[in-house]
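Here the structure is laid out as structure tokens; the discussion comes afterwards.
The values are calculated or read from the model by the stated rules, or taken from the named source; none is laboratory data. All of these numbers come straight from a predicted model, not from anything done at the bench. So basically every Cβ, Gly included, is an ideal-geometry build from the backbone, and we count neighbours across all protein chains shown.
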Amino acid sequence: MAVSYPKLPLRELGNTGLKTSSVGFGASPLGSVFSPVSEEDAVAAVREAFCLGINFFDTSPYYGRNLSEKMLGKGLKALGVPRSEYIVSTKCGRYGEGFDFSAERVTRSIDESLARLQLDYVDILHCHDIEFGSLDQIVNETIPALQKLKEAGKTRFIGITGLPLEIFTYVLDRVPPGTVDVILSYCHYSINDSTLLDLLPYLKSKGVGIISASPLAMGLLTDQGPPEWHPASPELKSACQAAAAHCRKKGKNISKLAIQYSLVNKDISTVLVGMNSVGQVEENVAAAEELATFGRDEETLSEVEAILIPVKNQTWPSGIQNS
Ligand code: NAD
């Protein structure tokens, strides 16, 4: 049964000239990293997303040891639409077998990714989770290598991703303006952790596009709860569980509330939600649509925020600098 929603709004992605849909498709679940996903479901989810106005798809060789890139590639090919109608980002430097941000590895990596994605170019190539490498290597070796890939037409833009927010200022303060086009931050703009907010003026002053990922805090803000590997503390996990239970008791859905919370801030060009089925795509697009029509459920939001106060902005260590 086809569901019809108005197209999602598009937002400018920094100075790239790209216009990304407010909800972006996070393809890590297509690598079966949360739960097993069939090829049929993956391809159908990508199709439904595109049909409902999602034009931005994010993946990485790391997600499911290349599986996410392969599944996304199949889904995009099956759309049968011109390449210019969708925006794809993938990443380099983080792999199933570990980290390698050397110029040689990332240069090889893009060709491998393009083959799996069945594409001639990606729109954005991110250095993936740079806190696990030497940030000086990222500045002096990895990003210059990515600039060569940009000149060669294999990627249109360059990005950096990771968890600790300091990595973004460290790198952006050390590269020439316009070298890094976008940043991807995750788990820092959701109901339980909104620390990305403080960095937004700085990022805007640098002209970089801002992608915020994991509005559901990688499963913490869902009814089914996070996967076993989730790095949050037991305290944070149980507070989020209590918040989800509170919403259920009221006949509300914590995931909808969480996606709407992230979507409200228009300085964020796109909110990347991990999705693995047609049903999830429809729910998340409907959440965006409801937000535009009716606004947020402020009452439930403040109740959930009150439950989460003891763990507000609690995060977890990530990377070699912090571990
Ligand atoms: P997320 O917060 O988006 O949560 C994803 C989980 O929630 C999955 O299990 C998904 O199936 C489930 N879900 C989605 N919609 C739902 C709904 N309506 N109801 C209930 N459950 C729902 O976390 P994520 O997938 O880790 O992040 C989104 C995307 O952002 C990733 O897929 C990836 O593309 C990107 N990302 C990048 C980095 C990085 O570069 N370091 C880190 C995290 C995420």
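Observations on the model:
- Scan of the stretch 45-89 for residues that are buried (at least 22 other Cβ atoms within 10 Å of the Cβ), β-branched (Val, Ile, Thr) and part of a loop (DSSP other than H, G, I, E, B), ordered by number: 54, 59
- Of all residues in the stretch 71-100 being in contact (Cβ under 8 Å) with a residue 60 or more places away in the chain and not hydroxyl-bearing (Ser, Thr, Tyr), the one that is nearest to residue 146 (Cα to Cα): 91
- Any chance residue 205 is surrounded by fewer than 20 Cβ atoms within 10 Å (Cβ to Cβ) and either without any contact (Cβ under 8 Å) to a residue 24 or more places away in the chain or away from the ligand (no atom under 12 Å from the Cβ) (or both): yes
- Test result for residue 270, β-branched (Val, Ile, Thr) and within 13 Å of the ligand (Cβ to nearest atom): yes
- Residue-level check: of (1) surrounded by fewer than 23 Cβ atoms within 10 Å (Cβ to Cβ); (2) not in a helix (DSSP H, G or I), residue 101 misses just (1).
- Among the residues here, residue 3 does not qualify as modelled with pLDDT of 95 or more and within 16 Å of the ligand (Cβ to nearest atom).
- Filter pass, residue 248 being basic (Lys, Arg), farther than 24 Å from residue 56 by Cβ and touching a helix residue (DSSP H, G or I) at 6+ places or on another chain (Cβ under 9 Å): yes
- When restricted to residues that are away from the ligand (no atom under 16 Å from the Cβ), assigned to a loop (DSSP other than H, G, I, E, B) and farther than 25 Å from residue 119 by Cα, the stretch 134-177 contains 6.
- Residue within the stretch 9-29 that is farther than 19 Å from residue 211 by Cα, within 12 Å of the ligand (Cβ to nearest atom) and at pLDDT 95 or above present: no
- In the stretch 105-131, residue nearest to the ligand (Cβ to nearest atom) [restricted to those that are in a helix (DSSP H, G or I), touching a residue at least 24 places away in the same chain (Cβ under 8 Å) and not aliphatic (A, V, I, L, M)]: 131
- Residue that is of a type in the set (A, V, I, L, M), within 15 Å of the chain's Cα centre (by Cα) and either buried (at least 18 other Cβ atoms within 10 Å of the Cβ) or within 10 Å of the ligand (Cβ to nearest atom) (or both), where the choices are 191, 254, 259: 259
- Evaluation of residue 183 against the conditions (1) within 15 Å of the ligand (Cβ to nearest atom); (2) farther than 26 Å from residue 64 by Cβ; (3) without any contact (Cβ under 8 Å) to a residue 40 or more places away in the chain shows that the sole unmet condition is (2).
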